[in-house]
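Before any comments, here is the structure.
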Amino acid sequence: MTMSDSMANTETVATDRKVASSASAGTAPSLRIDGVSAAQLESVGIHAWFGERLVLENVDLVMERTKVTALIGPSGCGKSTFLRILNRMHEIVPSASLAGRVELDGDDIYDPNQRAATVRRHIGMVFQRPNPFPAMSIRDNVLAGLRFNKIRSSHKDEIVEEALVKAGLWSEVKDRQGALGGALSGGQQQRLCIARALAVKPAVLLMDEPCSALDPGSTLRIEQTIQEIAEEVTVVIVTHNMQQALRVSDKTAFFLAQDGNPGYIVEAGPTKEIFESPKDPRTADYVNGRFG
Ligand SMILES: Nc1ncnc2c1ncn2[C@@H]1O[C@H](COP(=O)(O)OP(=O)(O)OP(=O)(O)O)[C@@H](O)[C@H]1O
Ligand SMILES: [Mg+2]
């Protein structure tokens with residue numbers, strides 16, 4: 001594609017740019033996965049801007065249900081931006097806009113009648129730095145998402161136990177659920193955040209470098225957790241750790257932004273193929289640590 005083709009292409013989509021959505025009225029189309037476990041997430045032609053600067057171009061990616069998809073690529077290529085677009089966190093940034101579609105089992109999460117809070121309930125997120133509510137008890141941390149979403153339940157004990165078991169934290173905290181979230185170790189705090197995200201029964205869990213602030217032991221524990229929860233929830237994980245991508249993911253997408261150009265997916269496919277027989281030499285260079 002020539003430079004002018006590329007510009008023209010960008011301008012065409014730019015007319016469809018969505019700025020921070022304030023939709024609330026009207027009938028919210030059902031995100032049909034309510035009460036059902038994992039769902040497929042698909043991005044179609046995603047472009048993202050901060051102000052006038054295009055940072056992601058034409059990202060198509062299918063993140064299959066109950067599979068783990070890893071997003072890899074050098075710093076600044078747009079992995080976190082893409083992840084935040086997948087659950088409508090991108091629109092929180094005042095200068096941010098986007099074009100393209102994101103579908104959860106075929107439902108457009110950017111439908112003007114769809115509430116961002118509902119989308120984020122179904123598509124949860126875990127961040128790089130564990131962010132439990134430090135002055136809240138472990139139990140209340142797990143229940144925080146339910147409270148925020150005004151989900152009532154007479155089975156709170158069961159919900160807390162189930163989420164903590166799934167997050168691999170139950171045996172360590174079952175006898176001190178009243179202790180403060182801030183009193184746990186970093187690795188435990190991250191598993192508490194995973195439990196909090198799982199308690200609302202999301203269809204998808206997005207994880208942005210969830211282990212980068214953790215020691216190797218806690219990292220392996222979280223990786224084990226990811227593989228366990230992937231039986232029930234679709235996982236998308238950003239990682240700079242190639243061994244981690246190999247260990248936990250079924251599919252890998254390699255993002256790249258060259259010379260100040262927007263980020264895009266160079267190639268995506270089964271993790272084994274991306275690491276052992278990539279089609280693009282830049283993928284081979286990256287996964288073998290030759291740049292980035
Ligand atoms: N809030 C923001 N305002 C303006 N520009 C931003 C903002 N957030 C990110 N960017 C820019 O968008 C581009 C993509 O950033 P992003 O954080 O998505 O990259 P990344 O792949 O997650 O990088 P890293 O591996 O370092 O986390 C970068 O050029 C960055 O400077
Ligand atoms: Mg990032």
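Computed from the coordinates by the stated procedures, all read-outs in this text should not be read as laboratory data. Worth saying up front: this structure is predicted, and the values here are computed from it rather than measured. Every residue, glycine among them, receives a Cβ derived from its backbone with ideal geometry; neighbour counts consider all protein chains shown.
With each label modelled as a point 7 angstrom along the Cα→C-beta vector, the residue 227-residue 148 pair spans 3.0 nm. Partner aspartates and glutamates whose Cα lies under 16 Å from the Cα of residue 150, excluding those fewer than 8 positions away in the same chain, are identified as 34, 140. Packing order of peptides 182-190, 87-95, highest average first: 182-190, 87-95 (average count of other Cβ atoms within 10 Å over each peptide's residues).
Based on Cα contacts under 8 Å between residues 6+ apart, segment 37-192 shows a relative contact order of 21 percent. Peptide packing: for 45-52, 230-237, 202-209, the average count of neighbouring Cβ atoms within 10 Å per residue gives the ranking 202-209, 230-237, 45-52, highest mean first. Modelled spin labels at residue 291 and residue 62, positioned 7 Å past Cα toward Cβ, are 3.0 nm from each other. Cα gyration tensor of the chain, axes a ≥ b ≥ c as square roots of the eigenvalues: rounded (a/c below 1.5), prolate (a/b > b/c) or oblate? The shape class here is oblate. When each of the peptides 241-251, 277-287, 170-180 is scored by how many other beta carbons lie within 10 Å of its residues on average, the order from highest to lowest is 241-251, 277-287, 170-180. Taking other residues whose beta carbon is less than 10 angstrom from the beta carbon of residue 44, and scoring Lys, Arg as +1 and Asp, Glu as -1, yields -3.
Straight-line cross-link partners of residue 156 among the lysines, defined as a Cα under 21 Å from its Cα and at least 8 positions apart when in the same chain: 166, 174, 201.
Measuring nothing but how far apart in sequence close Cα pairs (under 8 Å, 6+ apart) lie, relative to its length, the chain scores a relative contact order of 25 percent. Rounded if a/c is under 1.5, else prolate if a/b beats b/c, else oblate: with a ≥ b ≥ c from the C-alpha gyration tensor eigenvalues square-rooted, which is segment 134-195? The shape class here is prolate. Counting Lys and Arg as +1 and Asp and Glu as -1 over every other residue whose Cβ lies under 13 Å from the Cβ of residue 150, the net charge comes to +4.
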